[in-house]
Amino acid sequence: MKIRAVEFVKSAVKPAHYPEYDFPEIAFAGRSNVGKSSLINTLISRRDMVKTSSRPGCTQLINFFLVNGDLSLVDLPGYGYAKVSKKIRAQWQPMVETYVGTRKNLLGLILLMDIRRDPGKEELDMVRWLETKQMPCLLVLTKADKLSKTKQIKQLDAACAAFNRDRNGIVLFSAKTRQGRQTIWDEVHNLIDWYQEEE
Ligand SMILES: Nc1nc2c(ncn2[C@@H]2O[C@H](COP(=O)(O)OP(=O)(O)OP(=O)(O)O)[C@@H](O)[C@H]2O)c(=O)[nH]1
Ligand SMILES: [Mg+2]
């Protein structure tokens, strides 16, 4: 996809603050430091449109970005980082649940997991919860560049078993090598096509 323009729209905590547009929207979720902001930068081919940091807990609000004036990408704050204060952690779950539960133009989530970790309870719970909401969820194993090809496939198969998906249902990704970028765009376009057919 040709990226002509990307604008940061706003940060939000609650529905009253979300942008009022109803462009198709895709949100990126996952543990702190897993690489959500980096993945969005890779998708839009911008080095630092979205702020990234080696320090976990960088993104703490829901950040909305508009691509080419008609596609909304949402960077969600990460979960599971103990050093973020208790108050922030207590805010996280209702913030994300409210967002997923109320956002009418949300087409699907992209859930990122570090390829070096086995899927945890948070991820399994999140996927199950999204299934009950009939919200599509693409699974992505990030930082694939940290492992050899053989180990990548081993982790892919472990994730497939944990989530009961086949290899096509989980994407190997690296912000460093851009591996998987096109596959993620293809999946995003599938969701958009499906949304436009529904209208
Ligand atoms: N090697 C490698 N490093 C990555 C990759 N993606 C992200 N990183 C690094 O991981 C760290 C965290 O990346 P972010 O994109 O800020 O992660 P995040 O999920 O947005 O983190 P929070 O906003 O804290 O939830 C940074 O130091 C990135 O440079 C990747 O694919 N490969
Ligand atoms: Mg971030």
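The values are calculated or read from the model by the stated rules, or taken from the named source; none is laboratory data. Not measured: the values here are computed from a predicted model. Note that we place each Cβ from the backbone using ideal geometry, even for glycine, and neighbour counts take in every protein chain shown.
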Return the total of residues in the range 124-156 being closer than 21 Å to Glu25 by Cα, part of a helix (DSSP H, G or I) and within 16 Å of ligand 1 (Cβ to nearest atom).
1
Would you call Ile170 within 16 Å of the chain's Cα centre (by Cα) and of a type in the set (A, V, I, L, M)?
yes
Restricting to the range 50-69, name every residue that is more than 16 Å from ligand 2 (Cβ to nearest atom) and among the polar types (S, T, N, Q).
Asn68
Please go through the range 1-49 and give me each residue that is of a type in the set (S, T, N, Q), within 14 Å of ligand 2 (Cβ to nearest atom) and outside any strand (DSSP E or B), ordered by number.
Ser32, Asn33, Ser37, Ser38, Asn41, Thr42
Checking Lys121, Lys149 in turn, the sole residue that is at pLDDT below 95, more than 16 Å from the chain's Cα centre (by Cα) and exposed (fewer than 12 other Cβ atoms within 10 Å of the Cβ) turns out to be Lys121
Report yes if Arg31 is touching a Gly at 6+ places or on another chain (Cβ under 7 Å) and of a type in the set (D, E, K, R), otherwise no.
yes
Any residue at all in the range 94-107 that's within 16 Å of ligand 2 (Cβ to nearest atom) and at pLDDT below 75?
no
Take the residues of the range 157-199 that are among the charged types (D, E, K, R) and in a loop (DSSP other than H, G, I, E, B): which is nearest to Ser45 (Cα to Cα)?
Arg178
Residues of the range 14-48 satisfying the condition of being away from ligand 1 (no atom under 11 Å from the Cβ), touching a helix residue (DSSP H, G or I) at 6+ places or on another chain (Cβ under 6 Å) and farther than 13 Å from Ile184 by Cβ
Pro15, Pro24
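Every residue, every condition in (1) among the charged types (D, E, K, R); (2) in contact (Cβ under 8 Å) with a residue 60 or more places away in the chain; (3) in contact with a strand residue (DSSP E or B) (Cβ under 9 Å, 6 or more places away or on another chain); (4) surrounded by 16 or more Cβ atoms within 10 Å (Cβ to Cβ), yes or no:
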site: Leu106; (1), (2), (3), (4): no, yes, yes, yes
site: Met113; (1), (2), (3), (4): no, yes, yes, yes
site: Asp125; (1), (2), (3), (4): yes, no, no, no
site: Leu130; (1), (2), (3), (4): no, no, yes, yes
site: Arg167; (1), (2), (3), (4): yes, no, no, no
site: Arg178; (1), (2), (3), (4): yes, yes, no, no
